[in-house]
């Protein structure tokens, strides 16, 4: 089976989404997060998240024309990243973080996790 054009397109979408968040997180974490209603944060942690987003998003763009095996590995990486993020976000919510932003971030990571799961299963067969 060849790599569907739709997953290649989703890799470009994922790149764009990651860059939209990563750039302001890296350059202007306090202002960016304040705009989103997140007033208490560690700028180092925010910039580390930005670095992860640059890496994952950048690789999404770099490998978008590669073969099936490359996509399988990259999608597995995306599943590990989004799965760990979902667990971390849920723990944060359970511990009483009541703002809206974690719920929005959880929804985004869950949507991408579902999308990558679909393509991982599709490419394995």
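No value in this document is a laboratory result; all are computed from the given coordinates. Note that the structure is predicted; figures quoted are calculated from it, not measured. Cβ atoms come from the backbone with ideal geometry, glycine included; neighbour counts cover every protein chain shown.
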Among 120, 97, which comes first, then next, by fewest other beta-carbon atoms within 10 Å?
-> 97, 120
So what is the calculated 222 nm ellipticity per residue for the chain, using -39500 (n - 2.57) for each DSSP H run with n of 4 or more, over all residues, to the nearest 500 deg cm²/dmol?
-> -28000 deg cm²/dmol
Relative contact order, percent, the chain [alpha-carbon distance under 8 Å, six or more residues apart] = 31 percent
Using the scaling law 2.2 N^0.38 Å as the reference, what is the normalised Cα Rg of segment 70-125?
-> 1.28
Comparing 110, 39, 70, which has the greatest mean-square fluctuation in the GNM of the chain with Cα pairs linked when under 10 Å apart?
-> 39
For the chain, alpha-carbon Rg relative to the globular expectation (2.2 N^0.38 Å, N residues) = 1.12
How far, in nm, would the chain grow between residue 77 and residue 23 when pulled straight, counting 0.36 nm per residue and subtracting the alpha carbon separation?
-> 17.3 nm
Once the Cα gyration tensor of segment 40-111 is diagonalised, semi-axes √(5λ) in Å | 27, 15, 9
Between helix 101-124 and the chain: long-axis angle, C-alpha atoms, 0 to 90°, nearest 10 | 10 degrees
